Every structure is written in structure tokens, then in C-alpha cells.
Amino acid sequence: RFFVLEGTEKAIMIDSGMNSPEAKSIGESLTDKPLMLLCTHADRDHISGNDAFDQVMMHPSEFAFYRHSGKHTQKLLAVREGDVIDLGNRELEIIALPGHTPGSIGILDRKERVLISGDPIQKGGHIYMFGPQRDMEAYLDSLNHLKKWNGAYDEIWPSHGEIPVAPDMVEELAQKAAKVLAGEMPCEDAEMHGSPISTCDVGGNVFLLDRTPEEK
């Protein structure tokens with residue numbers, strides 16, 4: 001799932017999908033404003049249309065992984081927490097949400113009172129937390145950090161699962177992630193992409209985790 005937001009002067013595409021090399025053309029068909037690209041993170045299901053753009057914005061913690069994910073030649077522009085992208089009478093604030101990936105970000109549209117969350121916040125989805133990029137403790141910390149923006153948005157628009165999602169999903173996921181880390185949630189052995197993983201169904205979402213060494 002990707003989004004196009006428009007201000008009075010500019011428009012922005014947030015992510016470019018998994019099998020959407022034509023994403024830029026789709027975005028340009030929706031606006032007559034200059035179209036920029038911002039990625040919530042660099043996983044392959046969020047960047048399939050990136051190469052049609054001359055430059056892409058993302059958190060610098062994603063740069064190395066992104067460069068190794070393909071022969072991307074566009075200019076990379078760093079965005080960090082607290083940065084504001086002004087589309088013209090519509091400001092988007094960057095919020096750092098590391099854990100799912102080191103440079104995962106959320107985008108707060110204060111005018112429309114919407115948080116675009118990327119992958120960390122979902123309902124009815126699978127949250128990937130296995131592999132070298134993922135860190136469950138950082139993920140929990142990010143969910144708790146996000147509570148600083150309580151009251152600034154009325155809806156969450158995730159990249160996967162149901163949309164929209166209510167703001168209380170942040171607290172719900174934080175509580176469940178804490179229980180997973182404490183070993184208080186049942187998990188089952190599984191395999192994905194050739195990797196042994198654990199799946200933890202926390203009710204409403206499933207965390208996909210690395211197996212601990214003793215489980216392997």
C-alpha cells in the first residue's frame with residue numbers, strides 16, 4: 001500500500017509498493033503538483049517504483065540496505081525525526097520508529113490528523129521481526145516513544161492489514177510486544193524464506209520472530 005498526499009504547492013508519494021514499477025505514473029495521474037518520494041523504510045515491498053524518481057527521501061539508517069537491494073542510482077536524501085516536509089499549507093512531521101528496520105519512520109499529517117505508520121503498526125497483519133535488521137526491544141521502545149504524539153492524530157494508515165486503524169492500537173501492540181519479549185505469549189515454530197522463525201499470534205496481529213538459539 002502506498003499513498004499520495006497533496007498540498008497547495010507540492011505532492012508526495014509515501015512508498016512505491018511491491019509490484020508497482022508504474023507507481024510514479026499513478027501518483028502523477030492524481031495530482032498536477034510536483035511529486036516527491038518518501039519511503040517509510042527500504043524493504044522490497046515498499047520500493048518497487050522508486051527507480052522512476054530522481055531522488056528519494058528516507059532515514060539514513062536505511063541507506064546501506066537500500067543500496068544493496070538493487071542497482072538504485074537516484075540521489076538519497078536523509079530525513080530524521082523532527083524534520084518537517086511542507087507541501088504548502090500541509091506539513092508532514094517525521095517520527096523515528098526503529099525496530100522493524102533501523103530506519104523505519106512514521107509520517108504525521110497534522111492537518112488531516114493522520115499517522116502513516118509503515119509496517120510497525122498494523123491490525124490484522126503480520127509484523128516481520130526476524131532477520132539481521134530487526135530488533136524487538138527497539139520496536140517496543142518505538143511504540144512507547146510514539147505515545148508522545150497521543151492526541152495529535154485520529155487515524156493510523158498502515159502499509160498492510162486493515163485501514164484505518166484506531167490510535168489505541170499503539171498501546172495494544174506495546175503491551176503485546178512486552179509480553180512476547182517476556183516469554184508470556186505462545187509461539188510456534190515455522191519457516192519463512194528458508195529461515196527458521198517463531199510465529200506469535202497476539203490476537204489481531206502475528207509477530208514473526210527469530211527463533212532463540214535453543215529453539216533452533
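Things to note:
- Cβ-derived FRET efficiency at R0 22 Å, ASP83 paired with THR31, nearest 0.05: 0.50
- Normalised by residue count, the chain yields a Cα convex hull volume of 114 Å³ per residue.
- Split the accessible area of the chain by element, probe 1.4 Å, and carbon with sulfur accounts for 48%.
- 3J(HN,Hα) from dihedral phi, the stretch 182-191, Karplus parametrisation 6.51/-1.76/1.60, rounded to Hz, x for glycine, proline: 7, x, 9, 10, x, 10, 10, 6, 7, 9
- Degrees between helix 169-181 axis and first principal axis of the chain (Cα, 0 to 90, nearest 10): 40
- Net charge dipole size for the chain [Lys, Arg +1 and Asp, Glu -1 on Cβ; Debye, nearest 20]: 420
- Our analysis of the stretch 168-216 gives Rg over Rh at 1.00, with the two radii drawn from alpha carbon positions and Rh computed by the Kirkwood formula.
- Around ILE47: net Lys/Arg minus Asp/Glu count, Cβ-Cβ under 10 Å: -4
- When the charge dipole of the chain is built from unit charges on Cβ atoms (+1 for Lys and Arg, -1 for Asp and Glu) and taken about the Cα centre, the candidate among ALA78, ILE116, GLY103 whose Cα reaches farthest toward its positive end is ALA78.
- Solvent exposure of the stretch 90-216, expressed per residue, is 45 Å² of accessible area, with all protein chains present and a 1.4 angstrom probe.
- Cβ-derived FRET efficiency at R0 45 Å, ASP189 paired with ARG113, nearest 0.05: 0.60
- Ligands, DNA and RNA are left out, and with a 1.4 angstrom probe the accessible area of the stretch 7-83 is 51 Å² per residue.
- Considering only beta bridges that DSSP places wholly inside the chain, some 60 percent are antiparallel.
The values are calculated or read from the model by the stated rules, or taken from the named source; none is laboratory data. Quick caveat: nothing in here was measured; it's all calculated off a predicted structure. Counting neighbours? That spans all protein chains shown, and the Cβs are built from the backbone with ideal geometry, glycine included. SASA here: full protein model, heavy atoms, side chains in, ligands and nucleic acids out. Shrake-Rupley method; radii C 1.70, N 1.55, O 1.52, S 1.80 Å.
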